[in-house]
Amino acid sequence: MGWEIAIIADPHYDHSGVEMPWIVGTPANHRSATGLRKASEEVWLPEPVCTAFKVSDLNASDENCLAILNPIEEHHPNMTKVHIVGARNSAHVNSRMKEFGFIPFGTPAAESFTYVRPISSLKELPKLQLDASNWKSADDIYESLFTRMAWEEFRCAQR
C-alpha cells in the first residue's frame, strides 16, 4: 500500500532512485521494472517496487499520465502524494487530479510537479490498536508498532 508514488510519463526519464514509480512501458523500462521486482524479492515487500504500463503513443505524456490514474488508485487507494514527471502541469491534469481528491503541492518545476491528498479523505485508513500492557522500554513500543504495521501491510496485500 504505497502512500507516495511517482508517475513517470517521460519514456526517457531516469527513474532509478525514484520510489514506487509507475513508468511508461518502453522495452528498456519493462526490463528495468522486471529487474527491480526480482531484486526486491530478496527482501519481502508486499507490492511491486516499480510498474511499467503500456501506452499506445509514447509522445502523449499528458494522456498517458491521466490514463493510468484509475489503475494506480485501485492499487494504492490510500496514496496521499503523487509526483508526476514528464507531463504538463495543465488545467486538464489539475482537473483530473482534483477528481481523485488531490490538490497541487509546492512549486512546480518545468519537468515535474506534485499533488497531495489530505489524509482525512482516505477511504480505508486502518486504525492500529496496540497492547501496551507489557511495554517496558521505547524498544518495546517500536517493536509492537512495527510488527502491527507489517501485519497490516501483509493483510492489505492479500486483498
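The values are calculated or read from the model by the stated rules, or taken from the named source; none is laboratory data. On a predicted model such as this, the values are computed, not experimentally measured, just so you know. Backbone-built Cβ (ideal geometry, glycine too); neighbour counts: all protein chains shown.
Residues of region 2-16 that are among the acidic types (D, E) and in contact with a helix residue (DSSP H, G or I) (Cβ under 8 Å, 6 or more places away or on another chain): D10 alone.
Within region 64-90, residues that are in the same structural domain as F113 (by TED's automatic domain parsing) and touching a residue at least 12 places away in the same chain (Cβ under 8 Å) have Cβ atoms under 7 Å from residues that are charged (D, E, K, R) and not in a loop (DSSP other than H, G, I, E, B) in these pairs: L66/R96; L69/R96; M79/E4; T80/E4; K81/E4; A87/D62; R88/D62; S90/D62, counting only partners at least 6 apart in sequence or on another chain. Report whether or not S40 is surrounded by fewer than 17 Cβ atoms within 10 Å (Cβ to Cβ), of a type in the set (G, A, S) and under 27 Å from E153 (Cα atoms). Yes: the conditions hold for S40.
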